[in-house]
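This report refers to the structure that appears directly beneath it.
The values are calculated or read from the model by the stated rules, or taken from the named source; none is laboratory data. A quick note: this is a predicted structure, and the numbers were derived from the prediction, not measured. So basically every Cβ, Gly included, is an ideal-geometry build from the backbone, and we count neighbours across all protein chains shown.
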């Protein structure tokens, strides 16, 4: 077993464990923290895959911004825990069964049908971060300029939409 | 044929304004008339008509400048269906411009007159709101008449023909809720209906003629029809021309359809003058003249037309002798004079007919309007006298007046009855002299306009149609006689009624248009003097009519007609002038003529005859058809019993019980129940829980992936 | 030296856990987090493929996904806050007024 593979397996174990932790935590705050850990693990994977820019974006945007927003909302609403109800008794076993089937099916499909197969990063390849970033930027601003701009508009629209949603009408008591 | 190139030169492009000037006038009066004063309304209407006259003059001038070549001014594409192409185009030639000038010229004068006349009439009838309506109708009439005379095809002519018929109906029945004396009655609207229905009979003839024309020639356009007419069997032309004659008889009041015109006097006097004397009724004469090329192809039809006209001329003239209403006399005189014109155009003397049409428009308008002035004068006198009565209350005098007038005191005073007149020469001198001029022109005394035109007709008749000549000469005798009778009865002798004694002269707005018309009646003969080099109207119309006979003055014919007229006037003086009629005295002709005069008085019982022969049987037939055939047989028995009964039975037993209730209803109900129960089951799937929806989505995903794996 | 298939399997497992989170949990916030987890799993697969194919398009795509996810989270959380204001709960089983 090479060092690479060992590292991968350990990280994979951490990722699955944190995901399960997120899933089964009773407290929403714990869930969010588990998810942060998961995101960080995935960021490490990105580094391993030779995508340092995405890895950094993952950490700053997901772990840094989005999850902080989640925590804010959880604490703002005081919704860490929900009272136990059992409205849909069949939901849980059915969901778990179907999910397991889904995981097996998709694994099988991806393994049997996915092309190309092969190794990520040839052995001994050095990842030059600066070159990687430059090449990434060239691709982004040469081939994907329009989607980039559209994304900025999308963000603006989301911002305006959020403001409109939570704005209080004049004279409206809440 | 001769669609001239000169549309661009001259003022021909103005032709549509002939129609649209009066239309604009009437629109102004319709829209703003409520805020305008009476004078302003009258002025707008008169200006609109005057604008039409100016356009006519410009068109005539342009035509003369272009050496009379006919011009067609295309205006509007109307109906294009297959081979049928009907356009609204204006035909400007010497014939149509002559008519335009007469219609708009006389029309404008009558508009001005009507401002004064209607004001008094309106005050008399206490309804100022109708003043506006009257002028709207008058302008509409001018517009329609212009469409009639300027149309380039028989169909456009027919549009105008129907339009003037409508205006005639509207204006005869203008005081639809009262009779001529202002009493509540349906007499006026009945007269209007009579005119309209009688005209329908004539229009039916015109329509048949038009259909035949289209069937035979494939066109309504004048030039195309005339060109094609030469290649068609004469029988077709005879049919066309004779059916057209029915139309002419309706519109121009010829035997047998003349009966509406005397009743049309129910309309206001300016209407009688404009529509029922000067312009509309001459439309038939215009139609025949316009169709000259058709009529000259078939002498039989020409002869029929000429005889119709001549007999009408004589027949109506005899009736006029026995009438007492001042306007009725003129009405029958109009029929008689129209008979002269129709006879003239029937003989092929188109120029003479048109000449008489023009001069007749002048002097008959003059006579009618003067008669209106007389009636107004008498109304004023009556008003005055009544006031005097109410102030003094002299019992003896009132009793005397009762005896004098031969009327009950409470009976409404009839200002149009000549037996109430007499001696107006002194109280209404201006009107008297104007009336004299009109009378002399109508009677055919040298040098008044009527002499020259009537003489031309008689001259033509003496050359070609001796029978027509004799009939027309006798008619001319009667014409002079009844006009003399009227003059003596109205203006000479002593007043036979207080109103006549107190009659007052009319205002200038009434008399000035009359003076213009009087001048035209006096000088109108100059249009076509029977001397070498003076046939202006003949030359003018020659551009359109091509072959025009121009006769020099025949002293024999002229002398005979003048002598006949003078003798008739002398005779009338002997009977009515020497010993003026006393109040309450019967007509002096009654005794010597006996039943003949009774016939004249009662219009030869033609109306009664029509009632007995046509209208009453027609009514009885209608009642029979409506009551017995339609209602009892058709509705009660056939519809109710046979059809409805069978249907009900069938539908109740066969269809309702078995097919509908047990078949269709059952199926439809089952469908509804099934849908309801199915949806009730399916509804349970919609739990409202987002998570179960998501689960079903996942189920779908798993199934699809499974399918992909198995595939 | 890791074959790409390993990453694929890991991605599939993470995705399945996200799906299970959406289906099992009633807390709207956790459901939302599970959705984020699914997005991450997909991103991981895309980056892995991009690495195999030696192209940057996959990475650019992931970058867009992250940006859109940020917008989505902002709007989604705002909605959750509004729903909480109205119903005083973020239990998705309480929001069943659209049932048939």
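All but one of (1) more than 8 Å from chain C (Cβ to nearest Cβ); (2) at pLDDT below 85; (3) under 20 Å from residue C:27 (Cα atoms) hold for residue A:75; which doesn't? Every condition holds for residue A:75 apart from (2). For the range B:682-711, which positions are out of contact with any helix residue (DSSP H, G or I) (no Cβ under 8 Å at 6 or more places or on another chain) and either touching a residue at least 40 places away in the same chain (Cβ under 8 Å) or away from chain C (no Cβ under 11 Å) (or both)? Passing the criteria: B:700, B:703, B:704, B:707, B:710, B:711. A residue that is over 16 Å from residue C:65 (Cα atoms), modelled with pLDDT of 90 or more and more than 9 Å from chain C (Cβ to nearest Cβ) occurs somewhere in the range A:42-59. Residue C:55 satisfies every condition listed in (1) at the interface with chain A (Cβ under 7 Å from one of its Cβ atoms); (2) assigned to a loop (DSSP other than H, G, I, E, B) except (1). For residue C:77, are the conditions met, namely being within 27 Å of residue A:91 (Cβ to Cβ) and either away from chain B (no Cβ under 14 Å) or within 21 Å of the chain's Cα centre (by Cα) (or both)? Yes; evaluated as a whole, the condition is true for this residue.
Within the range C:18-33, can you find the residues that are free of Cβ contacts under 8 Å to residues at least 24 places away in the same chain and either within 7 Å of another protein chain (Cβ to nearest Cβ) or part of a loop (DSSP other than H, G, I, E, B) (or both)? Explain how you work it out, then say what you get.
At the first step, the residues of the range C:18-33 found to be free of Cβ contacts under 8 Å to residues at least 24 places away in the same chain are C:18-25, C:30, C:33.
Across the range C:18-33, the qualifying residues are C:19, C:20, C:21, C:22, C:23, C:24, C:25, C:30, C:33.
Among the residues of this structure, residue B:638 does not count as one that is surrounded by 11 or more Cβ atoms within 10 Å (Cβ to Cβ) and closer than 30 Å to residue C:30 by Cα.
Might you check whether a residue that is part of a helix (DSSP H, G or I) and free of Cβ contacts under 8 Å to residues at least 12 places away in the same chain occurs anywhere in the range B:232-244?
Within the range B:232-244, the subset part of a helix (DSSP H, G or I) is B:234-244.
Those still in the list that are free of Cβ contacts under 8 Å to residues at least 12 places away in the same chain too: B:235.
Yes, there is a match, as at least one residue in the range B:232-244 is part of a helix (DSSP H, G or I) and free of Cβ contacts under 8 Å to residues at least 12 places away in the same chain.
Within the range B:297-315, is there a residue that is closer than 30 Å to residue B:134 by Cα and buried (at least 24 other Cβ atoms within 10 Å of the Cβ)? Checking the range B:297-315: not a single residue is closer than 30 Å to residue B:134 by Cα and buried (at least 24 other Cβ atoms within 10 Å of the Cβ). Looking only at residues in the range C:34-49 that are more than 21 Å from residue A:31 (Cα to Cα) and within 7 Å of chain A (Cβ to nearest Cβ), the one that is modelled with the lowest pLDDT is C:48.
Results for (1) within 24 Å of residue B:182 (Cα to Cα); (2) within 31 Å of the chain's Cα centre (by Cα); (3) at pLDDT below 85, shown as yes or no for each residue.
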| position | (1), (2), (3) |
| --- | --- |
| B:390 | yes, no, yes |
| B:394 | no, no, yes |
| B:405 | yes, no, yes |
| B:409 | yes, no, yes |
| B:416 | yes, yes, yes |
| B:420 | yes, yes, yes |
| B:434 | no, yes, no |
| B:453 | no, yes, no |
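What number of residues in the range B:196-213 are more than 24 Å from residue B:346 (Cβ to Cβ) and either over 27 Å from the mean Cα position of the chain (by Cα) or buried (at least 17 other Cβ atoms within 10 Å of the Cβ) (or both)? Explain how you work it out, then say what you get.
Keep residues of the range B:196-213 that are more than 24 Å from residue B:346 (Cβ to Cβ), which gives B:196-197.
Checking which are either over 27 Å from the mean Cα position of the chain (by Cα) or buried (at least 17 other Cβ atoms within 10 Å of the Cβ) (or both) leaves us with B:196.
Number satisfying all stated conditions: 1.
Residues considered: C:97, C:89. Of these, the only one that is surrounded by fewer than 24 Cβ atoms within 10 Å (Cβ to Cβ), facing another protein chain (nearest Cβ under 7 Å) and assigned to a loop (DSSP other than H, G, I, E, B) is C:97.
From the list B:182, B:173, B:163, which residue is in contact with a helix residue (DSSP H, G or I) (Cβ under 6 Å, 6 or more places away or on another chain) and modelled with pLDDT of 90 or more? Steps first, answer last, please.
Numbers: B:182 fails: modelled with pLDDT of 90 or more; B:173 fails: modelled with pLDDT of 90 or more.
Only one candidate qualifies: B:163.
When residue B:221 is tested against the conditions (1) free of Cβ contacts under 8 Å to residues at least 60 places away in the same chain; (2) closer than 25 Å to residue B:95 by Cα, the lone failure is (1).
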